[in-house]
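The values are calculated or read from the model by the stated rules, or taken from the named source; none is laboratory data. Computed from a predicted model, the values in this text were never measured in an experiment. Cβ atoms come from the backbone with ideal geometry, glycine included; neighbour counts cover every protein chain shown. Only protein heavy atoms, including side chains, enter the accessible area calculation; ligands, DNA and RNA are left aside. Shrake-Rupley method; radii C 1.70, N 1.55, O 1.52, S 1.80 Å.
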Amino acid sequence: MAYSSHSLFEESKKYIPGGVNSPVRAFGSVGMEPIFIREARGSHIIDVDGRKYIDYVLSWGPMILGHAHPKVTEAIERAVRSGTSYGAPTESELDMARMICSAIPSIEMVRMVSSGTEAAMSAIRLARGFTGREKILKFAGCYHGHADSLLVKAGSGVATLGIPGSPGVPEPLAALTITVPYNDTETFEEAVSIHGDDLACIIVEPVAGNMGVVPPKPGFLEALRAVSRGKGILLIFDEVITGFRFNYGGFRNVAKINPDLTCLGKIIGGGLPVGAFGGRKEIMEMLAPKGPIYQAGTLSGNPVAMAAGIATLNVLHDGAEDYNALNQKTSLLCANFKKLFKEKGIPVCINQVGSMFTIFFTTEDVHDFSSAATGDGDLFSRYFRGMLSRGINIAPSPFEASFVSFAHTEDDIHRTLDACKKTISEL
Ligand code: HOZ
């Protein structure tokens, strides 16, 4: 029997809170019901009603090669035939660790986990254990997963739902998280002058992707590095989104700034549940069993996930020069979006870094969460619905990034721009 997205959503709501396993997927902020996906290939996804979409969500970032890439699929199939989980070390974990350490020189040692949330949560415990300090500093609108300490002025789904934090996070724990505006070096320095001796770490998305795409201003990341080093505070780059997104490495390779610790996820799992955190050896060796700071996981370094991630990284490594083409394809898309909105007289700020972008429906230059939040939510919803009805799937929230993959063709770009033109003629 064939089910529609509507009937599956109705049924799911009986068994799954809100009918979804992650809040943004519910499409709540764009005033419609979610589409349920049947399958995906290359740059396209197909829903259970048989509608085909050019996909710019790409599973929120991991599918940089496009969906069901043959080399990744083959690697997964091969791995599965040898068993799906052992709870014991494998050679593939060593291969993955070597690949990460050689691609991102600030990572001397790395530990695999099963999600970006776990990576950030574990990196923070490690920073607290290493420094013996309790406070952490994050930036408003940055999102580092849903661990208790990090659900303070967070981006992504928390921003989409318009909630300040989350019930269930103990107030004394939230009080240990200091939050300052992204890209505001002066306020950051003031905060460090007050809390610096108690700060274990500063965690930042070096390019923010969870309040929509917001690039770092020149000098911002440099200031974080200099100030944190001076105070013995660990600097953590959350590269869960940006890792292997702009080049074969991290944004660290672009900025040439070495954080003490880095969180990874998404692309390094090739579409399977994976996260990782790594950094300076003397810090990483504080982890159990070598050191006293505990962290563990039954499915950490899972052989099927390692196979998918290694296959993805191998393709990226072999075709490293293609990153330029990917970034140019995205620039072409964004430049034409700008032109179309300008012609129609609709003010937008389009932030693009490499192959990630967000269209903010605002007159402001978006450089932090406050400016991102000036966007017209109603206009965004109408734009989203118009694009979806024309077969274009973008992130269903203005506080998220959209992504372009290697699989997107020139024809996809032209069809997307055509859909954009028609959609904005109705706004
Ligand atoms: N927090 C994720 C985006 N930044 C959403 C994950 C999902 O719903 O799959």
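Here the chain exposes an accessible surface that is 54 percent carbon and sulfur, computed with a 1.4 Å probe and the other protein chains kept in place. Heavy-atom accessible area with a 1.4 Å probe sorts His408, His317, largest first, into His317, His408.
At an R0 of 22 angstrom, the distance between the Cβ atoms of Glu426 and Lys339 translates into a FRET efficiency of 0.75. Think of the chain as having a plus end and a minus end, set by charges on the Cβ of Lys, Arg, Asp and Glu; of Thr242, Ala308, Ile203, Ala308 sits farthest toward the positive end of this dipole. Every pair of different Cα atoms in the chain enters the Kirkwood calculation, which places the hydrodynamic radius at 22.0 Å. Let a ≥ b ≥ c be the square roots of the eigenvalues of the Cα gyration tensor of segment 54-121; is it rounded (a/c under 1.5), or, if not, prolate (a/b larger than b/c) or oblate? It is oblate, given that a/c is not under 1.5 and a/b is not larger than b/c. Comparing Gly209, Gly31, Gly271 in a Gaussian network model of the chain (Cα springs below 10 Å), the most mobile by mean-square fluctuation is Gly31. If the segment from Ser85 to Leu332 were pulled out straight at 0.36 nm per residue, it would be longer than the present Cα-Cα gap by 84.6 nm. Accessible area per residue for segment 69-134 is 52 Å², calculated with a 1.4 Å probe on protein heavy atoms, without ligands, DNA or RNA. Rounded, prolate or oblate: which fits segment 345-427, taking a ≥ b ≥ c as square roots of the Cα gyration tensor eigenvalues, rounded meaning a/c under 1.5, else prolate when a/b beats b/c? Because a/c hits 1.5 or more and a/b fails to exceed b/c, segment 345-427 counts as oblate. Among the GluC sites (Glu not before Pro) in segment 282-326, those located in a DSSP loop and surrounded by at most 14 other Cβ atoms within 10 Å of their own Cβ are Glu285, Glu321.
Judged by the ratio a/c of the largest to the smallest principal axis of the C-alpha gyration tensor, segment 1-150 counts as oblate, that ratio being 1.5 or greater while a/b is no larger than b/c.
Seen from every direction in turn and averaged, the convex hull around the alpha carbons of segment 99-223 projects onto 8.5 nm². The string of couplings for segment 372-380 from the Karplus curve (6.51, -1.76, 1.60, θ = phi - 60°) is 4, 6, 7, x, 7, x, 5, 5, 4 Hz, one whole number per residue in order, with x for Gly and Pro. Largest GNM mean-square fluctuation among Glu400, Glu93, Glu118, using the chain with Cα springs under 10 Å: Glu93. Computed over the chain with a Gaussian network model linking Cα atoms closer than 10 Å, the most mobile of Ser82, Ser166, Ser115 is Ser82. Say the cut-off is 27 Å between C-alpha atoms; which of Lys71/Lys281; Lys153/Lys231; Lys71/Lys256; Lys13/Lys329 go over it? Long pairs (Cα-Cα over 27 Å): Lys71/Lys281; Lys71/Lys256; Lys13/Lys329. Across the chain, the mean sequence separation of Cα contacts (distance under 8 Å, 6 or more residues apart), normalised by length, yields a relative contact order of 23 percent. From largest to smallest, the equivalent ellipsoid semi-axes obtained for segment 208-317 from the alpha-carbon gyration tensor read 25, 21, 11 Å. In order along segment 226-239, the Karplus-derived 3J(HN,Hα) couplings, from 6.51 cos²θ - 1.76 cosθ + 1.60 at θ = phi - 60°, round to 5, 5, 5, 4, x, 10, x, 9, 7, 9, 10, 8, 8, 10 Hz, and Gly and Pro are given as x. Among beta bridges from DSSP that stay inside segment 195-322, the antiparallel ones total about 45%.
When all alpha-carbon pairs of segment 272-427 are counted, what percent fall beyond 18 Å? Of the Cα pairs, 68 percent sit more than 18 Å apart. Per residue, segment 282-427 exposes an accessible area of 42 Å² to a 1.4 Å probe, with every protein chain left in place. Amide H contacts under 5 Å for Asn351: Thr358, Phe360, restricted to partners 5 or more places along the chain or on a different chain, H placed in the peptide plane at 1.01 Å from N.
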